[in-house]
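A short worksheet on the structure shown next.
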Amino acid sequence: MQGSTQGWSRLPAVVALDGDDTLWHNETAFAASHDRFRDLLGRHVDLPAAEVDALLLATERRNLSAYGYGVKGFTLSMVETAIAVTGGRIPAAEIQEILDLGRAMLAHPVELLDGVREAVDRLRAAGLPLWIITKGDLFDQESKIARSGLADLFQHVEIVSEKDPDTYGRLLERNGIPPRDFLMAGNSLRSDVLPVLALGGRAVHVPYALTWAHEVVDEAPTDGFATLDSLRDLPDLLGL
Ligand SMILES: [Mg+2]
């Protein structure tokens, strides 16, 4: 454990966990699709991989306000980037290949991260109310939660379109939870840690091996929250 847990002497009233790359693997599937997408474009244009990635990321960011987070928006952004990069010459059969990549991601088996089941069981055994707070396509996230086998262990599931202080603030107010009694654990500093700290809540960062470029924080603070190698260690951190 690194970081600070000052003022954490009392147990939180609620422990909320992020979904993608906190409970289950996600970014690895996106990275695999990126690889396939680069190969596909490589049939038409000779662009360095970093440039293809940058173009795709720019398209995804531009489209976030229209499509939100998730696989469907990512797929449309791949199609749009492919059309732009090939000057409109990409054949329909290859657009179909991109659509198939997206469809395969949606059907990808939900694979829990190591130690997740154990951590959730221990938190539950201690009587802590557990929430999932995740962002992305409603349908896809609901499906992943159902397929994770964890749904029954959570008291509350919230699928949101953005994880910012406003979203968290509204959620806590609606459920009558004071921010200081709320703990959020997740892989993203930008979505799971910083907005919760801004509200006066407690946050635990559990980094994943890969981070989507959009979630990277340039000047990340290192204080005011705890960092764990694995969610497995969360019960110990809380002294359970
Ligand atoms: Mg995540």
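Please list, ordered by residue number, the helices (runs of 4 or more DSSP H) wholly in segment 77-193 having 2 or more residues that are more than 16 Å from the ligand (Cβ to nearest atom) and either under 19 Å from the mean Cα position of the chain (by Cα) or among the hydroxyl-bearing types (S, T, Y) (or both).
92-107, 138-148, 165-174
Would you confirm whether or not segment 76-88 contains a residue that is within 21 Å of E142 (Cβ to Cβ) and not assigned by TED's automatic domain parsing to the domain that holds K163?
Yes; the residues of segment 76-88 include at least one that is within 21 Å of E142 (Cβ to Cβ) and not assigned by TED's automatic domain parsing to the domain that holds K163.
Here's a check for you: in segment 39-76, which residue that is over 22 Å from the mean Cα position of the chain (by Cα) and free of Cβ contacts under 8 Å to residues at least 12 places away in the same chain is farthest from L106 (Cα to Cα)?
Step by step, filter segment 39-76, then rank; the result is D46.
For segment 28-47, which residues satisfy the criterion of being among the acidic types (D, E) and outside any helix (DSSP H, G or I)? Spell out how you get there, then give the answer.
Step one: of segment 28-47, the residues among the acidic types (D, E) are 35, 39, 46.
If the condition is that a residue be among the acidic types (D, E) and outside any helix (DSSP H, G or I), then D46 is the only one that fits.
Would you say L210 is farther than 23 Å from A119 by Cα and either at pLDDT below 95 or more than 16 Å from the ligand (Cβ to nearest atom) (or both)?
no
Do we find that R36 is more than 16 Å from the ligand (Cβ to nearest atom), in contact (Cβ under 8 Å) with a residue 40 or more places away in the chain and touching an Asp or Glu at 6+ places or on another chain (Cβ under 9 Å) in this structure?
In short, yes.
Mind listing just one residue for me: the one in segment 214-237 that is of a type in the set (A, V, I, L, M) and touching a Lys or Arg at 6+ places or on another chain (Cβ under 9 Å) and, of those, modelled with the lowest pLDDT?
A220
Can you tell me which residue in segment 91-145 is surrounded by the fewest Cβ atoms within 10 Å (Cβ to Cβ), limited to those that are over 30 Å from V79 (Cβ atoms) and small (G, A, S)?
The extreme case among them is G127.
Can you name the number of the only condition in (1) within 15 Å of the ligand (Cβ to nearest atom); (2) of a type in the set (V, I, T); (3) part of a loop (DSSP other than H, G, I, E, B) that T222 fails?
All conditions are met except number (1).
Just checking, does segment 203-225 include any residue being surrounded by 22 or more Cβ atoms within 10 Å (Cβ to Cβ), aliphatic (A, V, I, L, M) and in contact with a Pro (Cβ under 8 Å, 6 or more places away or on another chain)?
no
The values are calculated or read from the model by the stated rules, or taken from the named source; none is laboratory data. All values derive from a computational prediction rather than experimental measurement. Using ideal geometry, Cβ is built from the backbone for each residue, glycine included, and neighbour counts are taken over all protein chains shown.
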